[in-house]
Protein chains: 2
Amino acid sequence: MSAEFLNMRNFEFKPIGVIHTPFKEKSETPIQFSRSTALGEIEVFPEFEEGLTGIEELSHIILIYVFHEALNSNSLLVKPFLDEKKHGIFATRYYTRPNPIGFSVVKLIERNGTRLQVEWVDMLDGTPLLDIKPYVPEFDVHKVDKLGWYAARAHK
Amino acid sequence: MSAEFLNMRNFEFKPIGVIHTPFKEKSETPIQFSRSTALGEIEVFPEFEEGLTGIEELSHIILIYVFHEALNSNSLLVKPFLDEKKHGIFATRYYTRPNPIGFSVVKLIERNGTRLQVEWVDMLDGTPLLDIKPYVPEFDVHKVDKLGWYAARAHK
């Protein structure tokens, strides 16, 4: 391993909550959240309730979470669900990543205290939640010029 | 602390690279990446080079990284740069988060092996990089109905 990699320190994160979804097995999860209409519930642990202040005024939120059942794969080339060819893991959203961190945008339907009812979930039931951020079109909507292998696949 | 929080296990991540930017001090970083035209360079460690296969065919990529100089703040209510009122941390993009994980979309200009030249950087020089994902409009572009406190602020 390179000296740069070895010299880097690890970072430790502790979940702020859990995501409850209808998907108990990996085979049941939708391929991407934009294709999911599934309902889920985010349970934020009580010590973080104050951090949710005002979140009910947002219709879309970003979830950062752990692919906690991702296999410890060392393969950096993967065959995503949407294609039959192998691609570099960083050119895909596949879950067997060097750092198994997931990213999804969900619709926020309702907040009841520390419980958030959401739509569009695509992750496994019991997924550990690391962060919630507001989805803000001014920051998050971009026009792309090149879409790589997704260009042929994204609308199939 | 709640039993649920205490029972959750920690997750450890090791950076896959470093983000080089013109910003040496927190006071110099742009408020949000959509307002930044700064150029930066992503240095991916050599052991992950294969994972970049095909990434040069994408014009926009998502970076997941560590706010490594975030103060260890326990405050869950923060006053973001764009407003003068306090908001729940999860309703803002502020960096003093329970898990200091950052998320930015950047334009990929050029790839030279493990070096990616990018535009729109907004993070500190030397930021530890945890993951790179393709930005895919089909998954990542959404129309919002409610924007909370950003509604008044986002376009100022």
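Shown in residue order for segment A:37-47 are the 3J(HN,Hα) couplings computed by the Karplus curve 6.51 cos²θ - 1.76 cosθ + 1.60 at θ = phi - 60°: 10, 5, 9, x, 9, 9, 9, 8, 5, x, 5 Hz (x for Gly and Pro). A straight Cα-to-Cα reach below 21 Å connects A:Lys146 with the lysines A:Lys79, A:Lys85, A:Lys86, A:Lys156, B:Lys107, B:Lys133, residues fewer than 8 places away in its own chain not being considered. Rounded, prolate or oblate, given the Cα gyration tensor of segment B:3-107, with a/c below 1.5 counting as rounded? Judged from the Cα gyration tensor, segment B:3-107 comes out oblate (a/c at least 1.5, b/c at or above a/b).
Taking Rh as the Kirkwood radius computed over C-alpha pairs, what is the Stokes-Einstein D of the protein assembly as shown at 25 °C in a medium of viscosity 0.890 mPa s, expressed in µm² per second? Please report the intermediate quantities before stating the final value.
On the way: Rh = 19.7 Å.
For the chosen part, D equals 125 µm²/s.
Considering helices alone, the calculated mean residue ellipticity of chain B at 222 nm is -1500 deg cm²/dmol, with DSSP H runs of length four and up weighted by -39500 (n - 2.57) and normalised per residue. Distances between copies of B:Phe5, taken at a point 7 Å out from Cα along the Cα→Cβ vector and listed shortest first: 3.5 nm. Could you pull out which residues in segment B:120-156 have an amide N less than 20 Å from a spot 7 Å beyond the Cα of A:Glu119, following the Cα-Cβ vector? Flagged as within label range: B:138-148. Placing +1 on the Cβ of every Lys and Arg and -1 on the Cβ of every Asp and Glu, with no other charges, gives chain B a dipole of roughly 900 debye about its Cα centre. By the rule of a C-alpha distance below 15 Å, with chain neighbours fewer than 8 residues away ignored, the aspartates and glutamates paired with A:Lys26 are A:Glu69, A:Asp122, A:Asp125.
Quantify how strongly other chains surround peptide B:14-21 by giving the mean number of their Cβ atoms within 10 Å of each of its Cβ atoms.
Numbers: counts 8, 9, 7, 5, 2, 0, 0, 0.
The mean count of partner-chain Cβ atoms within 10 Å per residue comes to 4.
Coordinate-derived values only; no laboratory data. The structure presented is a predicted model; accordingly, all values stated were derived computationally and were not measured. Reconstructed Cβ throughout: ideal geometry from the backbone, glycine too, with neighbour counts over all protein chains shown.
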